[in-house]
Structures are given as C-alpha cells and as structure tokens.
Amino acid sequence: MPLSRSDLLQSQFDLTWSLLEYHLDRLEGEDFLWEPAALCWTVRPTADGSWVPDWEDSEPEPTPVPTIGWITWHIGWWWTVTIDHARGRYPRDRTEISWPGDGEKTTAWLRYLRTEWSAVLDGFSDADLDKAAPFPWTDEPERTIADMVAWVNVELTKNTAEIGQLRLLRVARA
C-alpha cells in the first residue's frame with residue numbers, strides 16, 4: 001500500500017533524526033565549543049550564565065565556520081520558530097532562543113524539539129499539507145505546509161552533516 005504524503009514526510013524526518021541521533025549519542029562535552037578554524041561562530045556565556053550565539057544580520061565574507069554549539073543553537077532556533085508557526089503561536093524572536101549550555105542539556109533540548117515536531121507532523125493530514133505555509137516563506141503564498149515540512153527535513157539533514165563532520169574532524173585531530 002502506498003504511503004500518504006504525510007507518512008512519507010514523517011518517514012523522511014525519522015530517517016534524518018536517526019542520523020542526528022547517531023552523532024548526539026557520540027558527542028562529548030568538549031565537542032560543542034571546539035573551534036575548527038580561526039574564524040568561527042560559536043555560543044558564548046554571558047555574565048548571567050546564559051549563552052548567546054555569534055550573529056550578524058548579513059552573513060560575513062568569508063563565512064565563519066560554526067561550532068557544534070552554534071549549529072545546535074541554530075537548529076533549536078529555526079525549529080522552535082517553525083513549531084510556533086505550525087501551532088499558530090506568535091513566533092519567538094531569534095534573541096529569545098538561547099543555547100541551553102552543556103552537552104546533556106543541549107541534546108535533551110533537541111530531543112524535546114524532536115518530540116514536539118513529531119506531534120506537529122502527526123497532526124497534519126494530506127489536506128493540511130496543501131495549505132499555505134506560515135514559515136519560512138512569509139511572502140510566498142504558493143509555498144505549502146508540505147514545503148515547510150520538507151524544508152525542516154532538509155535543513156536538519158544539512159545541520160546533521162555539519163555536526164557529524166565537525167565531530168569527526170575533532171576526533172581525528174585529537
């Protein structure tokens with residue numbers, strides 16, 4: 001029996017998540033803030049104990065190499081905002097999404113977001129997938145919820161590959 005589009009997107013997400021989970025299970029605390037190059041974007045502690053990401057509104061040239069900490073913050077940021085949009089909530093601003101800190105807190109945060117996203121996906125019927133996407137294409141009404149879900153899957157796949165490559169490089173250089 002053929003899969004529905006909703007089931008296909010969920011299956012694709014589950015595969016992508018399993019790839020991320022492979023790396024999350026192997027990350028060590030020092031992996032998160034390891035800087036692989038002189039020009040890096042990372043997350044930095046503030047005086048109050050919170051963490052803030054390096055950020056510029058337009059990407060600098062040359063592009064900084066992100067740390068795993070920065071990438072995990074980035075995943076948390078776009079995923080939180082996407083979940084807000086999908087649930088009809090006012091989306092939080094980038095500055096409201098802070099990195100949780102050490103590896104265990106960060107992996108727990110990402111696993112929590114996975115659970116939240118899976119619940120969102122479970123609520124989409126094939127008819128829902130044809131509705132206009134509220135995010136990330138606010139000015140492109142022809143983009144659908146299916147496009148949004150596919151974007152999440154691709155963005156997570158890209159970020160997973162970045163995390164995996166950084167983890168492997170750090171281990172290789174140790």
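The values are calculated or read from the model by the stated rules, or taken from the named source; none is laboratory data. Just so we're clear, the structure is a prediction, and the values are computed from it rather than from any experiment. As a convention, Cβ positions derive from the backbone with ideal geometry for all residues, glycine included, and neighbour counts pool all protein chains shown. These area figures cover heavy atoms from the full protein model, side chains too; ligands, DNA and RNA do not enter into them. Shrake-Rupley method; radii C 1.70, N 1.55, O 1.52, S 1.80 Å.
Things worth noting here:
- Flag set for residue 150, criterion: hydrophobic (A, V, I, L, M, F, W, C) and surrounded by 12 or more Cβ atoms within 10 Å (Cβ to Cβ).
- Residue check, residue 101 at pLDDT below 95 and under 23 Å from residue 64 (Cα atoms): yes
- Which listed residue, of 144, 157, 138, is more than 30 Å from residue 29 (Cβ to Cβ), open to solvent by 50 Å² or more (accessible area, probe 1.4 Å) and of a type in the set (Val, Ile, Thr): 138
- Within the option set 80, 67, 42, being within 17 Å of residue 161 (Cβ to Cβ), of a type in the set (Ser, Thr, Tyr) and modelled with pLDDT of 95 or more holds for one residue only, 67.
- When restricted to residues that are among the acidic types (Asp, Glu) and not in a helix (DSSP H, G or I), the stretch 91-124 contains 2.
- There is no residue in the stretch 68-90 that is at negative phi, in a strand (DSSP E or B) and under 16 Å from the mean Cα position of the chain (by Cα).
- Of everything listed in (1) touching a residue at least 40 places away in the same chain (Cβ under 8 Å); (2) out of contact with any Pro (no Cβ under 8 Å at 6 or more places or on another chain), the single unmet condition for residue 99 is (2).
- Residue selected from the stretch 19-61 under the condition aliphatic (A, V, I, L, M) and in a loop (DSSP other than H, G, I, E, B), by the criterion surrounded by the most Cβ atoms within 10 Å (Cβ to Cβ): 27
- Scanning the stretch 110-131 for residues that are among the aliphatic types (A, V, I, L, M) and touching a residue at least 60 places away in the same chain (Cβ under 8 Å) gives 110, 121, 129.
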